[in-house]
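Trainee: Shown below is the structure under consideration.
Where a number appears in this text, it was derived from the coordinates with a stated rule and is not lab data. Everything numeric in this text was worked out from a predicted model, so none of it was measured. Cβ placement follows ideal geometry from the backbone for every residue including glycine, while neighbour counts extend to all protein chains displayed.
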C-alpha cells in the first residue's frame, strides 16, 4: 500500500489520532497538510514531518473556506480529507446540569466543523481521480457516551457521513466514517481522569482497566482508508 504523492489534508492533525495519521501518511509518501487550531503542537509536528501547517477554526466558515483556498493555491487539488477535529465536554454531567453552552460548543466543533470541512473540500476533491473523505465519529454514536453532547454529536457525524457517501458517489468521492473505540488520546485520558475523581479511585487503575488502543494503530486504519486499496470500502468502519 502506498500513498505516494497523494495530497492529504488532516484537520485536527496536531494531536491524537490526527497526529499519528499525519506521521504515517507522510512516511508512506503522501503530501500531508496539517490543519488545527493548536498552533504550537501543529507547527512542531509540521517541522518534524516536513509538512505545511495551517491554522483553522472549524466552527468559522470563512476560516474553513480560507483553509481550502490555501490548499488549492498550493496544490491545485485535494485527494483526501481526514477530519479528526473534535471536542468532548460534559463527561459524567447529568442531563439536568448539562449547560446549553457546552452542548452548542460540542455540536459546533464536532458536527458543524465536519459539515464545513466536507462542504469546502468537495470542489477540490472533484478534481481528484479518486477523492476520499474520512470523518471521525466514535463508538459512542452506537453505544452511548459519558457525555450527552459528545454522544449526540458523533451520531450527527455518522449520519452526515452516510448522507455524503450517497450524494458524492456520482462524483467519484468515497466517504468513510471511522468509529474508534477506546484509544489513548488526551481527550480519552481526560475523561478517565474525571471518572477517577468521581469514583475516588486511582487513574492508573482505570487506565489499565480500559485496555486502551494506541493512536498509531488507528493511524494504520486511516492510512489504509486513504489509499486506493480501500476503494471498495463504503460507509462505516468500526475498530477497537
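Trainee: Hey, with R₀ at 22 Å, roughly what FRET efficiency would residue 130 and residue 216 work out to, going by the Cβ-Cβ distance, to 0.05? Write out the running numbers ahead of the final one.
Mentor: Values: r = 25 Å, r/R0 = 1.15.
My answer for the efficiency is 0.30.
Trainee: Quick one: compute the contact order of the chain, relative version, from alpha carbon pairs under 8 angstrom and 6+ residues apart, as a percent. Write out the running numbers ahead of the final one.
Mentor: Details: 449 pairs, mean separation 49.9, N = 240.
The normalised contact order for the chain reaches 21 percent.
Trainee: Here's a follow-up. Find how much the distance from residue 119 to residue 27 grows on full extension, using 0.36 nm per residue of separation minus their present alpha carbon separation; answer in nm with one decimal. Numbers along the way, then the final one.
Mentor: Values: separation 92, 0.36 × 92 = 33.12 nm, distance 2.81 nm.
Gain in length upon complete extension: 30.3 nm.
Trainee: Taking the Cα atoms only, what angle lies between the long axis of helix 113-125 and the longest principal axis of the chain, rounded to 10 degrees?
Mentor: So the inclination is approximately 10 degrees.
Trainee: For helix 148-168, report the angle its Cα long axis makes with the longest principal axis of the Cα atoms of the chain; keep it between 0 and 90° and round to the nearest 10°.
Mentor: 20 degrees
Trainee: Ranking 36, 108 by Cβ neighbours within 10 Å, fewest first, what do you get?
Mentor: Working: 36 28, 108 17.
Ordered by Cβ neighbours within 10 Å, fewest first: 108, 36.
Trainee: Using label points projected 7 Å from each Cα along Cα→Cβ, tell me how many nm separate residue 203 and residue 101, to one decimal.
Mentor: 2.4 nm
Trainee: Return one number: the angle in degrees, 0 to 90 and rounded to the nearest 10, between the long axis of the Cα atoms of helix 39-49 and the longest principal axis of the Cα atoms of the chain.
Mentor: With rounding to tens, the tilt is 50 degrees.
Trainee: Additional query: Highest mean first, what order results for 95-103, 14-22 on Cβ atoms within 10 Å?
Mentor: On the way: 95-103: 11.2, 14-22: 26.7.
Going from most to least packed, we get 14-22, 95-103.
Trainee: Among rounded, prolate and oblate, which fits segment 140-225 when a ≥ b ≥ c are the square roots of the eigenvalues of its C-alpha gyration tensor, a/c under 1.5 means rounded, and a/b larger than b/c means prolate?
Mentor: Working: a/c = 4.37, a/b = 1.93, b/c = 2.26.
Here segment 140-225 falls in the oblate category.
Trainee: Can you give the helix-only mean residue ellipticity at 222 nm for the chain, where every DSSP H stretch with n ≥ 4 adds -39500 (n - 2.57) and the sum goes over all residues, rounded to the nearest 500 deg cm²/dmol? Kindly include the intermediate steps, with their values, before the conclusion.
Mentor: On the way: 10 runs with 118 residues, N = 240.
That comes out to -15000 deg cm²/dmol.
Trainee: What is the gain in length, in nm to one decimal, between residue 163 and residue 48 on full extension, counting 0.36 nm per residue of separation less the C-alpha to C-alpha distance? Please report the intermediate quantities before stating the final value.
Mentor: Working: separation 115, 0.36 × 115 = 41.40 nm, distance 3.63 nm.
Stretched fully, the residue 163-residue 48 segment lengthens by 37.8 nm.
Trainee: Sticking with this structure for a sec: Test of understanding: ordering 68, 115, 75 by Cβ neighbours within 10 Å, fewest first, what list do you get?
Mentor: Working: 68 24, 115 19, 75 16.
Ranking 68, 115, 75 by Cβ neighbours within 10 Å, fewest first, gives 75, 115, 68.
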